[in-house]
Amino acid sequence: MDKKECKQEAAETAEKDNNGPLIEDEIERSKVGIMRALCDRQDPATKEVDDLMIRRFLRARDLDIEKASTLFLKYLTWKRSMLPKGHIPESEIANDLSHKKVCMQGHDKLGRPIVVAIGNRHNPSKGNPEEFKRFVVYTLEKICARMPRGKEKFVTIGDLQGWGYSNCDIRGYLAALSTLQDCYPERLGKLYIVHAPYIFMTAWKVIYPFIDANTKKKIVFVENKKLTPTLLEDIDENQLPDIYGGKLPLVPIQET
């Protein structure tokens, strides 16, 4: 059997074992196997996840097996508590959904889903912190469920047009950031922050220290005068939301 046949057989075996596509990098593949074995001894739910998820946790901790395992095991415990039904019922987050603050439509040139978060539609004084946490999880679960085959990341446009102090929610932002980084690591591909008013920078200075180094590299503040050209560098016009000069209308995430 030649190398090509061996590789094909390994890929087919991985699919049969429900471990997802073959991880080609030898070092990553080896570490995924070690981490899976270690975590499985402590939590049998490890068997329910594919190799790509374990690799995401490893990459989030720079391939440090011990640190990645700690983060992953915490995630499994968190998931049982936050998602006992396997999903967040829309009836539990009706208020946050009603404001249509997160939309999802189209893909960038790399095939990653595009999510638009509209900052001025979030008003913490009219919401509930616990409901907002569940809304964040609902959103991330929805995005991951709509992820095209072979893709692991999504891109977000954080639109702060009209954002003011009434929309400021440091506690909520930090909770969302923690959920993204600790429970959905290596899912964010890029975050464009657009229409950011000067007053937002006060909140940003508080949030920034809590953003891990890998996530910071993915954040881009876009100048208003360069908005459409910048987005078109990564997103085709027929996939770009119409409010940014593209052709796709915004679709609330619950309607996708």
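Values for this structure:
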item: GNM flexibility winner over the chain from Gln239, Gln42, Gln105 (Cα, springs under 10 Å); result: Gln42
item: Most mobile of Ala60, Ala176, Ala213 in a GNM of the chain (Cα contacts under 10 Å); result: Ala213
item: Correct option for volume of the Cα convex hull per residue in Å³ [calculated from the coordinates] among [x] 119; [y] 181; [z] 141; result: [z]
item: Rounded, prolate or oblate (a/c below 1.5 giving rounded, otherwise prolate when a/b exceeds b/c) for the stretch 122-256 by Cα gyration tensor; result: rounded
item: Relative contact order computed over the chain (Cα-Cα under 8 Å; 6+ residues apart), in percent; result: 18
item: Gyration tensor (alpha-carbon) shape descriptor, the stretch 44-111, a/c threshold 1.5; result: oblate
item: Computed accessible area, Met53, all protein chains, 1.4 angstrom probe, square angstrom; result: 40
item: Accessible-area ranking of His99, His195, largest first, probe 1.4 Å; result: His99, His195
item: Exposure ranking of Val251, Val32 by accessible area [1.4 Å probe, largest first]; result: Val251, Val32
item: For the chain, calculated [θ]222 nm from helices alone, where every DSSP H run of n ≥ 4 adds -39500 (n - 2.57); result: -14000 deg cm²/dmol
item: Lys/Arg +1, Asp/Glu -1 at C-beta; the stretch 180-238 dipole; positive extreme among Ala196, Asn224, Pro209; result: Pro209
item: Relative contact order [Cα under 8 Å, 6+ residues apart], the stretch 107-256, whole percent; result: 25
item: Electrostatic dipole magnitude of the chain [Cβ: Lys, Arg +1; Asp, Glu -1; Cα centre; debye, to 20]; result: 580
item: Residue-span extension gain [Ala94 to Asp64] - 0.36 nm each, minus C-alpha spacing; result: 6.8 nm
item: Surface accessible to a 1.4 Å probe, per residue, for the residues of the chain, Å²; result: 55
item: Candidate residues Lys109, Lys217, Lys126: accessible-area rank, largest first, probe 1.4 Å; result: Lys217, Lys126, Lys109
item: Accessible area of Asp40 in the full protein assembly, 1.4 Å probe (Å², nearest 10); result: 50
item: Among Thr139, Thr228, Thr215, residue whose mean-square fluctuation peaks in a GNM of the chain (springs only between Cα atoms under 10 Å); result: Thr228
item: Rounded if a/c under 1.5, otherwise prolate or oblate - the stretch 67-192, Cα gyration tensor axes; result: oblate
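The values are calculated or read from the model by the stated rules, or taken from the named source; none is laboratory data. Bear in mind the structure is a predicted one, so any value in this text is a computation, not a measurement. For neighbour counting, all protein chains shown are included, and Cβ atoms are generated from backbone atoms with ideal geometry for every residue, glycine included. These accessible areas exclude ligands, DNA and RNA; they are computed on the full protein's heavy atoms, side chains included. Shrake-Rupley method; radii C 1.70, N 1.55, O 1.52, S 1.80 Å.
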